[in-house]
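Accompanying notes for the structure given below.
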Amino acid sequence: MKIDCQIDNEKKIKVFHVEGELDVHHVKNLKSEIMDSLESVGWTYELDMEKVGYLDSSGLGMLVYIKKEIARNNGRLRILHLNEQVLNVFKLTKLDEFFEIV
Amino acid sequence: MPANSTQMKMQVKGSSETLALIRRVIVACVQHLNLGPSLLNDIKLATTEACTNVIKHAYKFNESQSFELEIRTSSEIFIVDVFYQDPDFVPEKIPVPNLKEIKEGGLGVFIIRNIMDHVNYITDSKSGRVRLQMVKLLNSKDSIGGHSED
């Protein structure tokens, strides 16, 4: 799993470009990367998942956790560029209604 | 066995590291069938969810344990059996998630049951051995992959 982060301090946006497969083995890396970068108040976090070819319930669970933690800091999580198969997993579990998917 | 059939049996270390390998084995087993991306993802997803449950819940990430995976496939059907040890497992006690309550876990079996055509747990209380069989019909009209419960 590869994760690159771009930070725009002026706009208070952090964009994480994620590459790989989000199963139980890999979720810890992404979770700790984002949790370690959480700012105190009012930031937007974008997960660019264009290069994520696989996601399962472990990945969804991690994203639910992260969104709740970001919301506790009055932040916002946006998920970008899901491929059709990965988006289907969100839809199957109705989590497409919980996340802001762009 | 019908034409275009493949059979594969493997013993897998109870480590989450093996999950990516299992998905690649599945792709290799069905490569000649030219399945669409959604159908292929359903098969990979259900198998990974099942193996994740073994590693996480039955073996509690104890990598010294192992489980068996058996795949049989033809142009009409994909069957995967997962054999593992879990003396405490009672299939009837698997909770059904309430999708209106957003939680971080408990979706694995729900996903399996929604994307596979047949899912069956067989337990042997004496030996503690569990067999989970999952079947996907490859030519069914509904087998387009990734359908939700609308």
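Quick look at the numbers
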{"read-out": "Flag if A:ILE13 is more than 21 Å from B:ALA20 (Cβ to Cβ) and modelled with pLDDT of 95 or more", "value": "yes"}
{"read-out": "Elements of type strands (runs of 3 or more DSSP E) in segment B:1-118, at least 2 residues being crowded, with 20+ Cβ neighbours inside 10 Å and more than 8 Å from chain A (Cβ to nearest Cβ)", "value": "B:66-73, B:77-85"}
{"read-out": "Boolean, B:GLU101 is charged (D, E, K, R) and under 18 Å from the mean Cα position of the chain (by Cα)", "value": "no"}
{"read-out": "Residues of segment A:45-79 classified as among the aromatic types (Phe, Trp, Tyr) and surrounded by 19 or more Cβ atoms within 10 Å (Cβ to Cβ), total", "value": "2"}
{"read-out": "A:ASP8 touching a Lys or Arg at 6+ places or on another chain (Cβ under 9 Å), free of Cβ contacts under 8 Å to residues at least 12 places away in the same chain and either more than 9 Å from chain B (Cβ to nearest Cβ) or within 24 Å of B:VAL109 (Cβ to Cβ) (or both)", "value": "yes"}
{"read-out": "Test: residue in segment B:123-139 that is within 24 Å of B:CYS29 (Cβ to Cβ), exposed (fewer than 15 other Cβ atoms within 10 Å of the Cβ) and at pLDDT below 90", "value": "yes"}
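The values are calculated or read from the model by the stated rules, or taken from the named source; none is laboratory data. The structure presented is a predicted model; accordingly, all values stated were derived computationally and were not measured. For neighbour counting, all protein chains shown are included, and Cβ atoms are generated from backbone atoms with ideal geometry for every residue, glycine included.
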